[in-house]
């Protein structure tokens, strides 16, 4: 059955997601603050909207079955949720994707950005993480071949994270839509790969064909680095090590990926995600060709 899907936001991830959705013969409309000609080849309609105008949003969302937000900003998401409610949209998916909800702090979360309020209003979460924008912002700088990591957590076990490429996230979401919204649980967990931080550095070093300068911190020493960063006014480093501590504490990892399991058991919907080592190898090859 054809489903009417609205995607809020017209950026790169929205384009990838719209392409995957359209391939499954879903009726897709993209909400954007400006016209986006790049969606025309996908056969996707673009509606130019004002996210502060909830009445306009409600009108555009009338008849929509599923609304997926790729916009992290809190006020915009709250307006989308309110408009979706009044338009009787079946399911709203906020722009959240950074590990299991149970692993997030209940208070004083430096990476919340209002998302806890959004999660209280939305159905479940998928989207993109915040505060990781440039090379070197998380774990390592692949350009300078430098890494700052913590090898083991407080229990002495290797620190691991679950990772999924943006394209595979879109494929997973599109496949989840084909399952049927009535079968969706409160939270979907998807995984492209699961690696230790040490394995990530190794794969990046192999892809770059250069040894990485690796600074391994002890978990107990992270707070001291955070304190020094604040004293020096180095907010970028403070965020970097907050992200590192969150990784060590298991925020970006989980044992059970229920969406992978469901798709593997559903004929015609299996998604074979790209492994990290293949992704980073391809990315380095493309970068070398362009240089």
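The values are calculated or read from the model by the stated rules, or taken from the named source; none is laboratory data. All figures in this text were calculated on a predicted structure; none of them were measured in a lab. Backbone-built Cβ (ideal geometry, glycine too); neighbour counts: all protein chains shown.
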Checklist outcome for this item: Of the residues in the stretch 1-25, those that are assigned to a loop (DSSP other than H, G, I, E, B) and touching a residue at least 40 places away in the same chain (Cβ under 8 Å) number 4
Checklist entry - Just checking, which of 6, 47, 22 is in contact with a strand residue (DSSP E or B) (Cβ under 7 Å, 6 or more places away or on another chain), modelled with pLDDT of 95 or more and closer than 21 Å to residue 182 by Cα? => result 6
Checklist entry - Does the stretch 53-73 hold any residues that are more than 17 Å from residue 85 (Cβ to Cβ) and touching a helix residue (DSSP H, G or I) at 6+ places or on another chain (Cβ under 7 Å), and which are they? => result 70, 71
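Of 61, 67, which residue is at pLDDT 95 or above, within 21 Å of the chain's Cα centre (by Cα) and at negative phi?
Only one candidate passes the filter, namely 67.
Residue under question is residue 31, and the condition is that it be touching a strand residue (DSSP E or B) at 6+ places or on another chain (Cβ under 8 Å) and either modelled with pLDDT of 95 or more or surrounded by fewer than 14 Cβ atoms within 10 Å (Cβ to Cβ) (or both); does it hold? I'd like the intermediate steps shown before the answer.
On the way: touching a strand residue (DSSP E or B) at 6+ places or on another chain (Cβ under 8 Å): yes; either modelled with pLDDT of 95 or more or surrounded by fewer than 14 Cβ atoms within 10 Å (Cβ to Cβ) (or both): yes.
So residue 31 fits the description; yes.
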Checklist entry - Restricting attention to the stretch 227-244, which residues are touching a helix residue (DSSP H, G or I) at 6+ places or on another chain (Cβ under 6 Å) and surrounded by 18 or more Cβ atoms within 10 Å (Cβ to Cβ)? => result 229, 238, 241
Checklist entry - Within the stretch 251-260, is even one residue at pLDDT below 95, closer than 24 Å to residue 143 by Cβ and not assigned by TED's automatic domain parsing to the domain that holds residue 23? => result yes
Checklist outcome for this item: Residue set 100, 87, 83; condition under 16 Å from the mean Cα position of the chain (by Cα), in the same structural domain as residue 30 (by TED's automatic domain parsing), at pLDDT 50 or above and surrounded by 16 or more Cβ atoms within 10 Å (Cβ to Cβ); output residue 100
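From 216, 224, grab the single residue that is more than 18 Å from residue 165 (Cα to Cα) and touching a strand residue (DSSP E or B) at 6+ places or on another chain (Cβ under 7 Å).
216
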Item to check | Selection within the stretch 237-269 - outside any loop (DSSP other than H, G, I, E, B) and either in contact with a strand residue (DSSP E or B) (Cβ under 8 Å, 6 or more places away or on another chain) or under 23 Å from residue 151 (Cβ atoms) (or both) | outcome: 237, 238, 239, 240, 241, 242, 243, 244, 245, 246, 247, 248
Checklist entry - Considering only the stretch 45-63, how many residues are within 12 Å of residue 4 (Cβ to Cβ) and surrounded by 22 or more Cβ atoms within 10 Å (Cβ to Cβ)? => result 1
Next on the checklist: Suppose we filter the stretch 270-282 for residues that are modelled with pLDDT of 90 or more and either closer than 30 Å to residue 225 by Cβ or part of a loop (DSSP other than H, G, I, E, B) (or both); how many remain?
Outcome noted: 9
